[in-house]
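Step one of this worksheet: look at the structure below.
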Amino acid sequence: MNRLVLIVFCVCAASSLAHEVRPAYLEINAHGDNEYSVIWKQPLLNGRPLSLQPEFPRDCARSSSRIEALGSEALIEHIELRCASSLEGRPVGVSGLTRTLTDVLVRAQLINGTTTILLRPESPHAALVTDRSAPLNSYLRLGVEHLLFGIDHVLFVIGLMFFLDRIGPLVKTITAFTLAHSLTLGISAVGLVRIPQAPIEAIIALSILFLAVEKLRGTTDTLLVRRTWLIAFIFGLLHGFGFAGALNDIGLPRENLLLALLLFNLGVELGQLAVVAGALLITRATTHWFSPTPQIVWQAPVYGIGAIASFWFVARSVSIVFT
């Protein structure tokens, strides 16, 4: 397993300069005859909005609108909407979504019930039709995507695998990481603890850099080598606060809070298992391509991961100072 993932590294490096993908959120609440209060929340990229706008049927008009900024991470718009007829069963969407990697969670409290749908770049419009399975599909999918498109979390999991030569320690380490980030994800998502995302993301980058440096040092008598699972648990607590960032962006439904949290966390785990499985498959293929395996095959990805993590740490730290 030391010969890990030159290909995995290349895939991650191609996305390394992109910001972590965060979902947008559109909430629609009916409060009268065809009158709606709308909350539109979209993430900021380098302090700028993504040029996304909610779209409603043509017979709907905005009676008022108010914009507020949530630090440097998101922009929130409060809209009062009047329509000629009910929005139930009619399509809503987001313009500009096809040009991004962002998903939009739509939650609508209508006269006849609540519906939750997920808009994606390939399907930026959908009808507001009540569907009991929609919340399940939406939060589960968001969890999977948040792990797979959160390249820093992917690199951390891959970095851990450089220190593991057998399946037993791998299972133990991944389980420890899972338990840790599940704990802090839960307490942060339900509001028991709130930590600003900017310093958390800087520390997450530092955790990846720590793994790369320790691997390149080659020292075998360190806590990381002897108790990889413990290091995974400690850093997993921090990564959990990072995972919670997406849920803090979109919020949790009060009526199904625990279910939504469970499904999002399950989605994160499915994404994590996909990363581990993919890395193991590529590792096995690599041992067949290179026999014996040159040192550069596993050393180059470690240098690359360290360089990416260094860039992230410096960039994120600078953004904290100048925000």
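In the range 160-189, which residues are closer than 14 Å to Ile231 by Cα and in contact with a Gly (Cβ under 9 Å, 6 or more places away or on another chain)? Scanning the range 160-189 gives Ala176, Phe177, Thr178, Leu179, Ala180, His181.
Each row is one residue, and each column tells you yes or no for (1) touching a strand residue (DSSP E or B) at 6+ places or on another chain (Cβ under 6 Å); (2) of a type outside the set (Asp, Glu); (3) modelled with pLDDT under 85; (4) not in a helix (DSSP H, G or I).
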{"position": "Arg82", "(1), (2), (3), (4)": "yes, yes, no, yes"}
{"position": "Glu88", "(1), (2), (3), (4)": "yes, no, no, yes"}
{"position": "Val94", "(1), (2), (3), (4)": "yes, yes, no, yes"}
{"position": "Leu105", "(1), (2), (3), (4)": "yes, yes, no, yes"}
{"position": "Ala108", "(1), (2), (3), (4)": "yes, yes, no, yes"}
{"position": "Thr115", "(1), (2), (3), (4)": "yes, yes, yes, yes"}
{"position": "Leu142", "(1), (2), (3), (4)": "no, yes, yes, no"}
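Just to be sure before I move on: is Ile158 in contact with a Leu (Cβ under 9 Å, 6 or more places away or on another chain), under 22 Å from Trp312 (Cα atoms) and assigned to a helix (DSSP H, G or I) in the structure I sent? It is true that Ile158 is in contact with a Leu (Cβ under 9 Å, 6 or more places away or on another chain), under 22 Å from Trp312 (Cα atoms) and assigned to a helix (DSSP H, G or I).
Here is a yes/no grid of residues against (1) over 14 Å from Gly159 (Cβ atoms); (2) at pLDDT 85 or above; (3) touching a Leu at 6+ places or on another chain (Cβ under 6 Å); (4) crowded, with 21+ Cβ neighbours inside 10 Å:
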{"site": "Ala189", "(1), (2), (3), (4)": "yes, no, yes, yes"}
{"site": "Arg226", "(1), (2), (3), (4)": "yes, yes, no, no"}
{"site": "Leu237", "(1), (2), (3), (4)": "yes, yes, no, no"}
{"site": "Asn248", "(1), (2), (3), (4)": "yes, no, no, no"}
{"site": "Leu263", "(1), (2), (3), (4)": "yes, no, yes, no"}
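Only a single criterion out of (1) part of a helix (DSSP H, G or I); (2) touching a residue at least 24 places away in the same chain (Cβ under 8 Å) is not satisfied by Ile187, namely (2).
For every residue, the table says whether it meets (1) in contact with an Asp or Glu (Cβ under 8 Å, 6 or more places away or on another chain); (2) under 24 Å from Phe241 (Cα atoms); (3) not charged (D, E, K, R).
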site	(1), (2), (3)
Ala127	no, no, yes
Glu145	yes, yes, no
Ile158	no, yes, yes
Ile167	no, no, yes
Ala212	no, yes, yes
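The values are calculated or read from the model by the stated rules, or taken from the named source; none is laboratory data. Quick caveat: nothing in here was measured; it's all calculated off a predicted structure. Quick reminder, even Gly has a Cβ in these numbers, built from the backbone with ideal geometry, and neighbours come from all protein chains shown.
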